[in-house]
Amino acid sequence: MDLKSLSYEELQNEIATLGEPKFRAGQIFDWAHNKQVDSIEKMSNLSKALREKLKENYEFTSLKCARMQESASDGTKKFLFELSDGNYVESVFMKYHHGNSVCISSQVGCRMGCKFCASTLDGLERNLLPGEMLDQIYRIAAITGEKISNIVVMGTGEPLDNYDNLLKFIHLLNDEHGMNLSQRNITVSTCGIVPKIKALAEEKLQITLALSLHAPTDEKRKALMPIANSYSLNEVMDACRFYFDKTGRRVSFEYALVSGVNDRDEEVSELTRLLKGMNCHINLIPVNPIKEREFKSTDRLRVLEFQKKLEKNGINVTIRREMGRDIDGACGQLRRRVMQG
């Protein structure tokens, strides 16, 4: 059992089973989630005997930084972390005017098969524990010495395919005994697993839901995203409306622009029809090219044109800043390169 993945209440119960006083749970939680130490040994206000007992009975997730790459152009840092079982995950640190963001992975690999994504090329290895998701943030904070104010679960993996661990991760981040990060500073991305979007809506969290849309019709979406064979756009959009109704949080739509595939005027018209009257926001992303695929990024002028036409049609649009392109910026690229030697 991983200590870092336990809620405050669960930790209290575990400490009680060890025959220790309740306040020890608060100390351990503080070391894990506020001081963010990387080993039980560093919990200096615990007795040596208790530390030994904890080491005998529990795991304590601590990721090793296997590689870090820094962008020469914008200071973005990409991390490759090694897990205790020898697997690797990627995380990205990005500096914005509104604060520092960390984009984390939720799985080792991914089984969603989106055509423009490097994460999915080798399939899904396993889900990450809440502690393994949290420790990506904690290690980055320790290495950079920077305060992290925004978390995006948009790295390798489909977060809603790791639903229970994701929920626990959010509650741990939000816990007043730990980082106490506002749920409004957390964004979770999904390719559109309809039943899970609805389940998440029922949780009535205040996180931002980002839907990977990438195409405005079922036919075009199926060519890019296998998930579209399971859930139609009608079903996905209904789930997004349901999410807004339940939480009051507008949904953000991620749209990766691929030259000649989904960046034409006809897509502008189709997107307008799809999103008309909906309280939402489109995030345009010039796609990060990956060598295993033929896709090319839409040129800057066309991206701006695409944005203007959507705005003229009353759609709220931003263009995501291209960050870390010179350091294997796309999800899964660095992990794959290292694994292939």
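The values are calculated or read from the model by the stated rules, or taken from the named source; none is laboratory data. All of these numbers come straight from a predicted model, not from anything done at the bench. Glycine also receives a Cβ, built like all others from the backbone with ideal geometry; neighbour counts cover every protein chain displayed.
Considering the stretch 90-133 alone, what residues qualify as being assigned to a strand (DSSP E or B), closer than 30 Å to LYS220 by Cα and not acidic (Asp, Glu)?
Those that are assigned to a strand (DSSP E or B), closer than 30 Å to LYS220 by Cα and not acidic (Asp, Glu): SER91, VAL92, CYS103, ILE104, GLN107, VAL108, GLY109, LEU124, ARG126, ASN127.
A quick yes/no check of all residues on (1) charged (D, E, K, R); (2) buried (at least 21 other Cβ atoms within 10 Å of the Cβ); (3) in contact with a Pro (Cβ under 6 Å, 6 or more places away or on another chain):
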| residue | (1), (2), (3) |
| --- | --- |
| ASN185 | no, no, no |
| SER189 | no, yes, no |
| ILE197 | no, yes, no |
| LEU200 | no, yes, no |
| GLU203 | yes, no, no |
| THR208 | no, no, no |
| ALA215 | no, yes, no |
| GLU219 | yes, no, no |
| LYS222 | yes, no, no |
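For the stretch 267-288, state whether one or more residues are surrounded by fewer than 22 Cβ atoms within 10 Å (Cβ to Cβ) and touching a Gly at 6+ places or on another chain (Cβ under 6 Å).
yes
Residues of the stretch 242-255 being of a type outside the set (A, V, I, L, M) and surrounded by 15 or more Cβ atoms within 10 Å (Cβ to Cβ), which ones?
Step one: filter the stretch 242-255 for residues of a type outside the set (A, V, I, L, M), giving 242-250, 252-255.
Of everything in the stretch 242-255, those that are of a type outside the set (A, V, I, L, M) and surrounded by 15 or more Cβ atoms within 10 Å (Cβ to Cβ) turn out to be PHE242, TYR243, PHE244, LYS246, THR247, ARG249, ARG250, SER252, PHE253, GLU254, TYR255.
For the stretch 75-82, indicate whether the set of residues that are at pLDDT below 95 and either closer than 19 Å to ASN165 by Cβ or more than 17 Å from the chain's Cα centre (by Cα) (or both) is non-empty.
Looking through the stretch 75-82, at least one residue is at pLDDT below 95 and either closer than 19 Å to ASN165 by Cβ or more than 17 Å from the chain's Cα centre (by Cα) (or both).
Please indicate, with yes or no, whether at least one residue in the stretch 17-25 is on the phi < 0 side of the Ramachandran plot, within 30 Å of the chain's Cα centre (by Cα), modelled with pLDDT of 95 or more and assigned to a helix (DSSP H, G or I).
Taking the stretch 17-25 as the starting set, the residues that turn out to be on the phi < 0 side of the Ramachandran plot are 17-18, 20-25.
Restricting the remaining residues to those that are within 30 Å of the chain's Cα centre (by Cα) gives 25.
From what's left, modelled with pLDDT of 95 or more: 25.
Narrowing the set further to residues that are assigned to a helix (DSSP H, G or I) leaves 25.
Within the stretch 17-25 (the criterion being on the phi < 0 side of the Ramachandran plot, within 30 Å of the chain's Cα centre (by Cα), modelled with pLDDT of 95 or more and assigned to a helix (DSSP H, G or I)), the answer is yes, since at least one residue qualifies.
Looking at MET94, MET1 in this structure, which one is in contact (Cβ under 8 Å) with a residue 24 or more places away in the chain and in contact with a Ser or Thr (Cβ under 7 Å, 6 or more places away or on another chain)? Before the answer, list the steps.
Values: MET1 fails: in contact with a Ser or Thr (Cβ under 7 Å, 6 or more places away or on another chain).
MET94 is the lone residue from the list that is in contact (Cβ under 8 Å) with a residue 24 or more places away in the chain and in contact with a Ser or Thr (Cβ under 7 Å, 6 or more places away or on another chain).
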